[in-house]
Structures are given as C-alpha cells and as structure tokens.
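J.: Here it is, the structure in full.
The values are calculated or read from the model by the stated rules, or taken from the named source; none is laboratory data. The structure presented is a predicted model; accordingly, all values stated were derived computationally and were not measured. For neighbour counting, all protein chains shown are included, and Cβ atoms are generated from backbone atoms with ideal geometry for every residue, glycine included. When the accessible area is computed, the model is the full protein with side chains, heavy atoms only, and any ligands, DNA or RNA have been set aside. Shrake-Rupley method; radii C 1.70, N 1.55, O 1.52, S 1.80 Å.
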Amino acid sequence: MSTPLSPKRELWLLITLAGIQFTHIVDFMVMMPLGPQFTQIFNISDAKFGLLVSAYTFAAGASGLLASLYVDRFGRKNLLLVLYLLFALATLACGIAPSYDSLLLARVAAGTFGGVLTALSQTIIADVIPFERRGRAMGIVMSSFSVASIAGVPLSLFLAAQFGWHAPFFAIAATCGVLALGAWLTLPALAGHLEHQRNSPIAGIVLVLRDTNHRKAFAFTALLMFGGFAIIPYITIFITANGGFTARQVPYLYLCGGAATLVTARFIGRLSDSVGKARMFSVMAVLALAPMLLLSQSAGFGVWGILVVTTALFIGMNGRMVPGMALVASAANPQLRGTFMALNSSVQSAAMGAAAFVGGLIISRDAQGLVQHYWGNALVGVVATVLSLMLVRKLHLHGAPSQPIRDKVA
C-alpha cells in the first residue's frame, strides 16, 4: 500500500512512533502509581480511582469506534499530528484540573484523542513494514513501554513529589509539543491507502465486521487486554497497602520492570519473526501466568521479593504484547486495515476499561486499610489469558509468506 522506505527512513519512522507512544503510555501509566495520592487528596474510594483509569479507556474505546468512520479517509501523517496535538492539550487540562470531577473530564478528553494514537501507529507499521519484519518493528515501538517505565514514570513521580501531582501532566504536554514537531519533520506522507478509498465509511465498517477472522482478532484483543488490566491498575495500591512499599520505593517497581522489558522487548520481537508470532505469544503468555498469581499472594515477600515478581510480570505482560499486536495487525485485511485497527482500538480500550472497573469492584479494604480479594483480580487475569491462548492459532495472518505452520491455523 505504501512505497518501501529506505532502512534509515524506516528506522526514523519507528523511532518517531515510539516517541509518540512513550508520551501516551506515560500519561496513562502515571495515574496508577499516583493512585494512593489521588485517593487521599480527593478523598475518594478505590472504586472511584478505578473510574479515573477506566474513564480514560472507555473514552478511548468510544473514540476508536468513531475513528473507524474516518481513519481511512485522511493521510496517516496529518491525522496522527492533529490527534497528537489534541491529546497534548487534553493532558495539559489534566494538569490544571482543580477537582476530581474536572480531572475525570480531562481524562475522558485525553482518552478520546490518545486512544486512537496506538491504533494509528500500529496501522502505519502494518502499512509500511513487511510481515517478515513486523515483529521486530513492533518490538522497537513497544520498547517505548520500557522507556516509559524506566524514565517516564519515575521522573513523573519525582516531579509529583517535588512540585505536586499536576507537574507530570505539564511535563508530558510539553514533551508532546517537541515530538509533534519531530513527527512533522520526519514522517513520510503515508497516504497510499487513499487510492483504495470507499465511498461510504459505513460500508468499510460492515465489511470489517462481516469478516470472521476480524471478529476472532477482536475477541483475541479483548482477552489480551482484560487479562492484564484486571491486575495492573491496582498493583501500586496493593504493594503500598499490603506489601510495605513506601511512596519513594514505588518508582523502583517501574524502573526494574522497565529495564527488564527494554532488554527483552526487541529480542522477543526478533524471535517472533524467526520462530513464529503465534508460538512466541503462547510461550510468553504461559510465562506470565505464574507472576499474575504470585503477585496477589506477595504481601509477605518483602520489597525485594515483590520486585522480583512484578519484574517477571512486566516481562511476561509486555512479552506477549509484542507478538500479540503483530498478530492482530496481520489479521486485518490490508484494504480495510485502518478501519479494522480503529475498531480494534475501540475493543482494546473498552476491554481495558471494563477490566479496570471490574477489578475495582473485586478488591476491597478491611478495617486496617489492607487490600482484600486481590487474588480474584489475578484469577480473572489468568482465565482471560488462557482463553487468549486457545484463540491465537485460529487467526489467519495476511502477508505471511506461504503461511508457515507456526503462524497459521489449519
């Protein structure tokens, strides 16, 4: 669909997309370690904090659904820049929010614009990068999660400790402005898909939804997200309330997990291209099951024991996402990829929001303020992950050379 890029231009494209993903991930992730502060500052329950997390993802889901109507009707570069600048403004609004209600509205706005960015980035990768290098490309872009964990979240928490919880959002908004300029200078036009534009955007949605393979991919995405976000938003609340972590020690969780995934993400991406994306997903998903369960029972492990478990969880969670997202992008009919990825973003965000909301309903506090029933969140994550393992090999992958057995279902 697009003119092949030179290796240098391809690398710049991936670095630019990784930078955009970095700010989006930090904006989303920073809410979770700030959970204990928000519950105290705004005098809200854990369930209301869960709503702050899920409101972002529900808004992203709704915007993904709306984006499916127009995403294939504009050049990828122009659309990415407009959405990214609006996301920066919404993040700035988070920083100046004076109350819980205004922060909730600002998070809805940030989710509305930020949620489409991931889908658009994955669409661009699938448009430009051949199937045989797509795992490596996803590994590079998803290294942004690791950098966000190593540098973005700890730095954001440092700013919050020194200047108040507003400061991280100001810093993220400023970084977005710099990266938007870089994207404008480095991204190619990315408008080849417009040659195949359909007259009716509704027709594109209908075509996407009629495809059985697309529906399987949506179900796979939902299970992938639900498996993680029943657990992830409440890690900080659990380890500070039950595990003995102090606010100053929380950044070490993200530092250790991020450093580990920075090392493993690109290796897993390359391995996905060589041994098969479905096979690599299965291996990493199975490896993620043990730390899911162990985390919910780790209150007595001590700080170092919990760090070992959470680092293993980060490796497993991120490790399954690298081949998982490459599989989903490859499951899309190339002529419908933009619409498919926008709808997939909606499914992804809705599943994340639903999981965070359900997770908030499962956990509770006892009279001493200790978190109860976190094992239920872990059980939900395990069940969703097992179901995703059952579904992954039923996906048909477009562009796979001669459809090797390891990435094809009979």
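J.: What three numbers, in Å, describe the spread of the alpha carbons of the range 151-289 along their principal axes, ordered from the longest?
T.: On the principal axes, the range 151-289 reaches 55, 41, 31 Å in Cα extent.
J.: Express the carbon and sulfur contribution to the solvent-accessible surface of the chain as a percent, rounded to the nearest whole number, probe 1.4 angstrom.
T.: 70 percent
J.: Could you calculate the FRET efficiency of A247 with R133 from 1/(1 + (r/R0)^6), where r is the beta carbon distance between them and R0 is 45 Å, rounded to 0.05?
T.: 0.60
J.: How big is the gap, in Å, between the Cα center of the range 280-294 and the Cα center of the range 71-124?
T.: 31 Å
J.: Continuing with the same structure: Among the trypsin sites (Lys or Arg not before Pro) in the range 206-248, which ones are in a DSSP loop with at most 13 other Cβ atoms within 10 Å of the Cβ? Mind listing them?
T.: Qualifying residues, ordered by number: R248.
J.: How many Lys pairs in the chain lie less than 21 angstrom apart by Cα atoms, where the lysines are 8 or more positions apart or on different chains?
T.: Going through the chain pair by pair, I get 7.
J.: Report the one residue of L80, A62, P233 whose Cα lies farthest in the direction of the positive end of the charge dipole of the chain (charges on C-beta: Lys and Arg +1, Asp and Glu -1; origin at the Cα centre).
T.: L80
J.: Could you work out the equivalent-ellipsoid semi-axes for the range 310-399, taking the square root of 5 times each eigenvalue of the Cα gyration tensor, largest first, in whole Å?
T.: The equivalent ellipsoid of the range 310-399 has semi-axes of 32, 15, 11 Å.
J.: L185 to F267: FRET efficiency via 1/(1 + (r/R0)^6), r the Cβ-Cβ distance, R0 35 Å, to the nearest 0.05?
T.: Calculated transfer efficiency: 0.70.
J.: Want the number for S102 to V383: 0.36 nm per residue separation, take away the alpha-carbon distance, what's left?
T.: In short, 97.6 nm is gained.
J.: While we're here: Connecting C-alpha atoms closer than 10 Å in a GNM of the chain, tell me which of I205, I20, I124 has the biggest fluctuation.
T.: Its mean-square fluctuation being the largest, the pick is I205.
J.: What length, rounded to one decimal in nm, is gained on full extension from L287 through to A151, with 0.36 nm per residue of separation minus their alpha-carbon distance?
T.: Residue separation times 0.36 nm, minus the Cα-Cα distance, leaves 46.4 nm.
J.: Restricting things to alpha carbons, find the Rg to Rh ratio for the chain using the Kirkwood radius for Rh. Write out the running numbers ahead of the final one.
T.: Details: Rg = 20.0 Å, Rh = 21.1 Å.
In the chain, Rg relative to Rh is 0.95.
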